[in-house]
1. Seen from all sides and averaged, what is the projected area of the convex hull of the Cα atoms in the range C:86-223, in nm²?
2. Among B:Pro146, B:Met20, B:Thr59, whose Cα lies farthest out toward the positive end of the dipole of the range B:1-150, if unit charges sit on the beta carbon of Lys, Arg (+1) and Asp, Glu (-1)?
3. How many angstrom separate the Cα center of the range A:34-53 from the Cα center of the range C:53-90?
4. Taking 10 °C and 1.306 mPa s as the conditions, I'd like the Stokes-Einstein D for chain C in µm²/s, using the Kirkwood hydrodynamic radius from alpha carbon pairs.
5. How big is the charge dipole of the protein assembly as shown about its Cα centre, in debye rounded to the nearest 20, if each Lys and Arg gets +1 on its Cβ and each Asp and Glu gets -1 on its Cβ?
6. How many nanometers, to one decimal and shortest first, lie between the label point of B:Pro63 and those of its other copies, if labels sit 7 Å from Cα toward Cβ?
7. Would you jot down the residues in the range C:92-135 that end up with at least 40 Å² less accessible area in the complete protein assembly than in the chain alone, with a 1.4 Å probe?
8. Cβ under 14 Å from B:Tyr217's Cβ, B:Tyr217 left aside: what net charge do those residues give with Lys, Arg +1 and Asp, Glu -1?
Amino acid sequence: MAIITLTTDFGTADGYVGAMKGVIMRLAGSHPAPAIVDLAHDIPPGDIPHAAWVVATSTIEFPLGSIHVVVVDPGVGGARCGVVVRARGRWYVGPDNGVFAYLTERTSEAYAIENERFRAEHVSRTFHGRDVFARTAAAIASGEDPSTAGPLVGLVGRLPWGPRQRAAGRIVHIDRFGNLITDLPEAEAGAAVTIGGLTLPIVGTYEDVAPGELLAYIGSAGTVEIGVRDGRADRRIPAARGGDVFPAPAAPAEHQGPYR
Amino acid sequence: MAIITLTTDFGTADGYVGAMKGVIMRLAGSHPAPAIVDLAHDIPPGDIPHAAWVVATSTIEFPLGSIHVVVVDPGVGGARCGVVVRARGRWYVGPDNGVFAYLTERTSEAYAIENERFRAEHVSRTFHGRDVFARTAAAIASGEDPSTAGPLVGLVGRLPWGPRQRAAGRIVHIDRFGNLITDLPEAEAGAAVTIGGLTLPIVGTYEDVAPGELLAYIGSAGTVEIGVRDGRADRRIPAARGGDVFPAPAAPAEHQGPYR
Amino acid sequence: MAIITLTTDFGTADGYVGAMKGVIMRLAGSHPAPAIVDLAHDIPPGDIPHAAWVVATSTIEFPLGSIHVVVVDPGVGGARCGVVVRARGRWYVGPDNGVFAYLTERTSEAYAIENERFRAEHVSRTFHGRDVFARTAAAIASGEDPSTAGPLVGLVGRLPWGPRQRAAGRIVHIDRFGNLITDLPEAEAGAAVTIGGLTLPIVGTYEDVAPGELLAYIGSAGTVEIGVRDGRADRRIPAARGGDVFPAPAAPAEHQGPYR
């Protein structure tokens, strides 16, 4: 059974996600029907870096060969190219605008979606999720060879921040709980980190600090995160997405008390 | 495999959608289990025209014979009738309060849900989604003949606006992105449209205007939409849902510059 | 086919729900794949009583033997225990922090999740939804005996309010529509109830009062609810969750007019 996940900024109040599901079920619904999995639909509208992080950190859990459609596509109908990407043993389908940036840092291959077996005959200018990307996913789930979707291309989509520098990281995502998630890996973090002018020791989990206190810890992606026990770090740290985080040898004495 | 989609205003924080899914899985879960598809659950509470547009424009993508449950039902337990409707080769289940208005402009047939094979023995006064509509969908998916649900009835649910007049349209939906979606079809739109006192030329897609500019274009439903590139048209156009849109021969010269 | 439902406070903008689904599909995805059902993901962050009510009132509709994962877990990584609970003929998986309180008022059995067949070899400190609970659900769906997950334990999680006193109830949930849902059962409610200083007669449904009026009625859980026709009761009644509701012999005369 093929698996197709959907990640969009379409929300759950309009019919756009439904239309995509309908296309997939109509075109790939028979013998055996693919499993259509909602991954996340409340990506902030047009927020490509948000989508890129969500897709990179969650799709890795899915079986090899699974198909992941990403439609955060403010440039729909314009110059950006629709692509199918092979990365990490899985297939990714969506616009080449940066949403696949974290996936393709290592070896990957990408094909422009041009072949009519992978898209509608008449493609609307504003809803490629329905007319291109859902159809590409359905085609792959039905056994089409993704490498026949179109010519091999180099991805040009980039995130606003460049590649990570060694011994430093960036805030790459702020989640629903207000946690600041960085790309600084555990192996480089050391005993403490400096972020937004504060130095925080790295502890194990929320209960290692008092309610309302800031903490740094190794998050579920294996990188440093900043949180507040029973609170929101994004309201306490004067740093935005893209901001720097540095390893620190240890928290200075004056910061080893409560972080309020 | 039967397909059952769910469209509600129940949101994703309460157990109402879950209870409906449980009923369907309990009653229709065996040999072969139906596919239950979330279509949209964040319809604004009680917003019948919103639901009507979402259902009409998305369910058309699903296979013939699919079953579409719509529970936006502020009059639950009152005088409105629960119905199963055959329209466009698909089955629709929900209250007769206008949610099916766009589907039934052409030929359709509707049956009141009265037979106990299509509803619970004891029906609560406030949750027909669980006690009537989920059960009707499960019954159809299990092979019951929908025309035996109850007597053939004429639908009485209407939207606040009447039938569209020729050579004019209405704003029928405002989506998550703030786009104003009208029911003026491409064939009648011409080169420009007048809406909220502004005349806008019809262009291809967002990238045909500068960031922050208003644009009119043919949307994914084949009708005129008004948007703002990287912005929200609903904050820029002094027009509400139900407001008029007219074809215009061409945008006047003073409006062919930036629309800010 | 096994059924696994997911109830979380992870929202639909991050990748946490997706990661859980990926784990389940990877570990339990073959011959026959379980049905993964989104129950509710917008539980307010960390709101254990909210989750407890949603889970108790919706999972009862699912077939016997179904598996229900609940991840509202502000104490993740701390002292609270991860458990699998047998209650009402179904399996429940999540933290022992009160989310199962309504389920376990009657006979139930609970096992701590310790065995490595029920969790990841390396468990992160902050995402037991992915590393423990999704894996436990996948293990049960794959045929593992839940009673081998770990030692039999007594649940210690409690809600902020104690057991209900006879002839009184509490507001236990406020839903998306602003309805105040109590745990006062129909059999004890009588002809009227007193709540927040007001006495309201119990009527049948919304249409039994005029638009904008308060009403008390028997809700879909079989308990008293307070609503406003075409409005929100939570903005009209000076009472919060946990507040008292009492049966009243009948509404006094001065309250039998409009409740505005």
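The values are calculated or read from the model by the stated rules, or taken from the named source; none is laboratory data. Nothing here was measured: the structure is a model prediction, and the numbers come from that model. For neighbour counting, all protein chains shown are included, and Cβ atoms are generated from backbone atoms with ideal geometry for every residue, glycine included. Accessible surface is based on the protein model in full, side chains and every heavy atom, while ligands, DNA and RNA are left aside. Shrake-Rupley method; radii C 1.70, N 1.55, O 1.52, S 1.80 Å.
1. Numbers: hull surface 45.1 nm².
Convex hull of Cα atoms, orientation-averaged projection: 11.3 nm².
2. B:Pro146
3. 26 Å
4. Details: Rh = 19.5 Å.
Approximately 81 µm²/s, per Stokes-Einstein.
5. Values: 69 positive and 84 negative charges, 17 e Å.
Using only the charged Cβ atoms, the result is roughly 80 debye.
6. 2.0, 2.0
7. C:Arg125, C:Thr126, C:Arg130
8. Details: positive: A:Arg125, B:Arg229; negative: B:Asp175, B:Glu186, B:Glu207, B:Asp208, B:Glu213, B:Glu225.
That sum, taken over residues with Cβ under 14 Å, equals -4.
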